[in-house]
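Inspection log for the structure reproduced underneath, given as structure tokens.
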Amino acid sequence: MQKWMLAAVLCTSSTAALAEEPAPPADEQAAPSVLDQVKWVVGPAKAQIGSLAELKVPDKFRFANADDTRLLLTAMGNVADGELGMLMPVDGDWFVVFEFDDVGFIKDAEKETLDADAMLASIKEGNENANEERRKNNWSELQVVGWDKPPFYDPVTNNLEWSIKGVSEGHEILNYNTRILGRKGVMKANLVVGPEQLP
């Protein structure tokens, strides 16, 4: 099974995804048919992340809307719920999934109360719930190894960031999470990438 079929998003509502190139062998023909169903916005272009934001899709990148993102995630054996879009290189094997949490305004002062241990426990619990669904559907399970980079608040961008290590079918996956704090809630941008690609 190719690496792009193993990438998964580690979060409290666990999801996953893929990139298209290179084409999979004959025994993996289901994935290309799903990719062909997606109504891609190919850059350079502008795309809507739900009704919340506009994204500039760069040249040699493509964007899938909410419905197509959930279609892709489910096809790759992952629980999909609430995703608003996915950005990936046209010829790459990493991607970013966007979600929005309508929690209202979060004050900067709350950065002082970050509890990395509690966050990791919550992520592991959410992932175990997703693994139950994966088992029911005979999908590959995903194990949370721990922090690649513990949570930190970037005062320049006003973003909360962290990176999680995961393993699926012997392949290591990194999920680099960025929480973009806004007045009405938090935009989640989750980069799914191999460890060698993160830099």
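The values are calculated or read from the model by the stated rules, or taken from the named source; none is laboratory data. Just so it is clear, the structure is predicted and the values come from calculations on it, not from any experiment. Because the Cβ atoms are built from the backbone with ideal geometry, glycine has one as well, and the counts that use them run over all protein chains shown. Accessible surface is based on the protein model in full, side chains and every heavy atom, while ligands, DNA and RNA are left aside. Shrake-Rupley method; radii C 1.70, N 1.55, O 1.52, S 1.80 Å.
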Under the Karplus relation with 6.51, -1.76 and 1.60 and θ = phi - 60°, whole-Hz ³J(HN,Hα) for segment 164-175, x at Gly and Pro, equal 10, 9, x, 9, 9, 6, x, 9, 7, 10, 10, 10
The rounded separation in angstrom of the Cα centers of segment 132-154 and segment 169-196 is 11
Filtering chymotrypsin sites (Phe, Trp or Tyr not before Pro) in segment 129-195 by DSSP loop and by at most 15 other Cβ atoms within 10 Å leaves none
Note: Val167 to Val145 extended length (0.36 nm per residue) minus current alpha-carbon separation gives 7.2 nm
Probe 1.4 Å, all chains present, heavy atoms only: Met76 accessible area in Å², nearest 10, is 20
Computed on Cα atoms, Rg of segment 76-199 relative to 2.2 N^0.38 Å comes out at 1.09
Ordering Arg62, Arg135 by the accessible surface of their heavy atoms, 1.4 Å probe, largest first, yields Arg135, Arg62
When every protein chain stays in place and a 1.4 Å probe is rolled, Thr74, Thr178 sorted by accessible area with the largest first are Thr74, Thr178
For Val90 the rounded accessible area (nearest 10 Å², probe 1.4 Å, non-protein molecules ignored) is 50
Expressed in square angstrom to the nearest 10, the accessible area of Asp59 with a 1.4 Å probe stands at 90
accessible surface per residue for segment 51-112, probe 1.4 Å, DNA/RNA/ligands not counted, whole Å² -> 50
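Computing the accessible area with a 1.4 Å probe over protein heavy atoms, can you report the carbon and sulfur percentage for segment 110-199?
Taking all protein chains in place, segment 110-199 shows 49 percent carbon and sulfur surface.
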So the pair-distance distribution of segment 51-130, from every Cα-Cα distance in 5 Å bins, comes to percents of 3, 11, 16, 19, 18, 16, 13, 4, 0
